[in-house]
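One structure is given here, and the rest of the page talks about it.
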Amino acid sequence: MNTLTKGISSLTYTKLNTITRSLSCTSALYIKQWRVNRGLSVNRTAEGILTDGQDYTFLDGRPTPLLQKQKKRMLKHQEYASQIVSMCSEVDFAKQRHQNAIRAKEEERQAIISNRLKPKGKALWKK
C-alpha cells in the first residue's frame, strides 16, 4: 500500500509541475503597427535624436568626436551608397546595351530589305 500512495503522490506532483505559462505578444505587434501607421521606424532604437545625436557639446563650438557606433553606422551607410551607385550604373549600362542591340537588329533588317532583288527592264517602267 505504501508504494501505491507513493505512485499517486508522484503522479499528482508531475501534473502540478506541467502547468504552462503562455505569453501574449499581441501588445508588441500592436505597438509595431502603431509605429508603422504613424510613419516611424519599426525599431525605435534604429534612428532618432538619441541614437544619431551627440552625447555632449563643447561651449566654444568645437565639433564633438563621433562615437564608435556612429562611425560604424556612417561607414555602413557610405558602403550602401557606393553599392547603390555602382548597381545603378550597371543598370544604365544594361539598358544602353539593350537599346544598342535593338538598334543593330533594326539596321540589319533594313539592310536586308534594301538589298533585295529589284525589278529590271519593263517592270521598272511600269511603276
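The values are calculated or read from the model by the stated rules, or taken from the named source; none is laboratory data. Because the structure is a prediction, the values reported are computed rather than measured. No Cβ is skipped: glycine too gets one built from the backbone with ideal geometry, and neighbour counts run over all protein chains shown. For accessibility, only protein heavy atoms count, side chains too; no ligands or nucleic acids. Shrake-Rupley method; radii C 1.70, N 1.55, O 1.52, S 1.80 Å.
Descriptive notes on the structure:
- Counting only helices (runs of 4 or more DSSP H) that fall entirely inside region 37-127 and contain at least 2 residues that are more than 35 Å from the chain's Cα centre (by Cα) and of a type outside the set (Gly, Ala, Ser), the qualifying elements are 68-114, 122-126.
- The residue list LEU29, LEU67 contains one member that is at pLDDT below 80 and surrounded by 10 or more Cβ atoms within 10 Å (Cβ to Cβ), which is LEU29.
For every residue, the table says whether it meets (1) charged (D, E, K, R); (2) in contact with a Pro (Cβ under 7 Å, 6 or more places away or on another chain); (3) open to solvent by 100 Å² or more (accessible area, probe 1.4 Å).
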| site | (1), (2), (3) |
| --- | --- |
| GLU90 | yes, no, yes |
| LYS95 | yes, no, yes |
| GLN99 | no, no, no |
| GLU108 | yes, no, yes |
| LEU117 | no, no, yes |
